[in-house]
C-alpha cells in the first residue's frame, strides 16, 4: 500500500476514513445544483484511508 504525503494529492472512494487529533466543525458546501455536501478539515497528525473503492471508475 502506498502512502502519499505531497500537498495537493487527492484520494477518491465511496467511503474514506480519516483520523486526526483536531477537526474543524462541518461546513456546508454547494456541489451541483441544489445538492449539498459537508467539508471538514483534519489537523495535526492527520491520516485518511479508502475503506471502500469505487466499483466503476467514471
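Convex hull of alpha carbon positions in the chain: directionally averaged projected area 5.4 nm². Taking 31, 22, 12 in turn, the Gaussian network model of the chain (Cα-Cα springs below 10 Å) assigns the largest fluctuation to 31.
Taking Cα pairs under 8 Å and at least six residues apart, what relative contact order does the chain come out at, in percent?
Values: 75 pairs, mean separation 24.9, N = 58.
About 43 percent, as a whole number.
Distance from the C-alpha centroid of the range 41-57 to that of the range 1-34: 6 Å, rounded to the whole angstrom.
Every number in this text was worked out from the coordinates using simple rules, so none of it is lab data. All values reported here derive from a predicted model rather than from experimental measurement.
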